[in-house]
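Q: Sharing a structure with you now.
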Amino acid sequence: MAAPKSCALWSYCGRGWSRAMRGCQLLGLRSSWPGAPLSARLLSQEKRATETHFGFETVPEEEKGGKVYQVFESVAKKYDVMNDMMSLGIHRVWKDLLLWKMRPLPGTQLLDVAGGTGDIAFRFLNYVQSQHQSKQKRQLRAQQNLSWEEIAKKYQNEEDSLGGSRVVVCDINKEMLKVGKQKALAQGYRAGLAWVLGDAEELPFDDDKFDIYTIAFGIRNVTHIDQALQEAHRVLKPGGRFLCLEFSQVNNPLISRLYDLYSFQVIPVLGEVIAGDWKSYQYLVESIRRFPSQEEFKEMIEDAGFHKVTYESLTSGIVAIHSGFKL
């Protein structure tokens, strides 16, 4: 059905836009911005498109990266201590479960993004070294005719205790990497480990380079999650695996209420007492609430090109491990 001439004429001539809109509304037609000029609508749409969230705060997209950088620069030195305090140590179990789910094979090339303090990298190195040593022992047991001298010489000639496995820790924050390097030196991690300053949304690596990509408690802090997922897909080899450990949505109503009370009333106080930083930990709990649910994040991973995407909720959904493959 054609619009009345008065409505069409006013719209066509570009005069009296508000009158035209009022006339159109009489016919049951709707506008998102009644009475607003087209240029104003476009400007408003553009403004909304370039805004994002920083916790519960709405900020321009170009500002979020800097704000997140300041958060982790501020908490880097107390990051590991605060993780233990906030989670009562349970974060260690979650990270162990991530490695158990990964089960890397000898020669695995791992990229750990947002892994500044090295928690995932060190677990990976421990795992692959243990696996390689077990393989060595099995081989030696199968060669019963070897003398003790030959066995000792075989161990001494072993140049790579990791079986060719390597891990690259990539983080955008210099202070977090600095803490990670210091921990590595103190704990004796040297072989098979590299530290790279880089952005999850624009990784400084070639295509099809890694066997496994991990990101633990980091992806919710990037400005464009979809872009970070696409980059993960790009740098993985065909057959490579994506693994993400991240806070998620609690699926038990009672636990959810207790979790909210603890998050908003206790964690920022701990942040102030231990790290001298209330605001950073207030952002932490707010950013968790803004992160997509398990199912929503699963769909985002699939949209980035991954297949066989699954997830496992841990501790009543406080965190979840998502997994996907580049096929």
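The values are calculated or read from the model by the stated rules, or taken from the named source; none is laboratory data. Here the structure is a predicted model, which means the values were calculated and not measured. Cβ coordinates were reconstructed from backbone atoms using ideal geometry, including for glycine residues, and neighbour counts include every protein chain displayed. When the accessible area is computed, the model is the full protein with side chains, heavy atoms only, and any ligands, DNA or RNA have been set aside. Shrake-Rupley method; radii C 1.70, N 1.55, O 1.52, S 1.80 Å.
Q: For segment 190-224, give me each residue that is open to solvent by less than 20 Å² (accessible area, probe 1.4 Å) and closer than 24 Å to P106 by Cβ.
A: Hits for segment 190-224 are G192, F210, I212, Y213, T214, I215, A216.
Q: Now for a separate question. Tell me, which helices (runs of 4 or more DSSP H) lie completely within segment 16-130 with 1 or more residues that are open to solvent by 60 Å² or more (accessible area, probe 1.4 Å) and modelled with pLDDT of 70 or more? First the steps, then the outcome.
A: Numbers: elements: 17-25, 38-49, 61-75, 79-87, 90-102.
Once the helices (runs of 4 or more DSSP H) in segment 16-130 are filtered for at least 1 residues that are open to solvent by 60 Å² or more (accessible area, probe 1.4 Å) and modelled with pLDDT of 70 or more, what remains is 61-75, 79-87, 90-102.
Q: Taking segment 173-216 as the region of interest, how many residues are in contact with a Leu (Cβ under 7 Å, 6 or more places away or on another chain), within 21 Å of D80 (Cα to Cα) and assigned to a loop (DSSP other than H, G, I, E, B)?
A: 1
Q: Pairs please, first residue from segment 110-122 and in contact (Cβ under 8 Å) with a residue 60 or more places away in the chain and closer than 11 Å to L98 by Cβ, second anywhere and assigned to a helix (DSSP H, G or I) and among the β-branched types (V, I, T), Cβ atoms under 9 Å, 6+ apart in sequence or on different chains.
A: D112/I120
For every residue, the table says whether it meets (1) open to solvent by 30 Å² or more (accessible area, probe 1.4 Å); (2) of a type in the set (V, I, T); (3) within 14 Å of the chain's Cα centre (by Cα).
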| site | (1), (2), (3) |
| --- | --- |
| G188 | yes, no, no |
| D226 | yes, no, yes |
| E246 | no, no, yes |
| Q249 | yes, no, no |
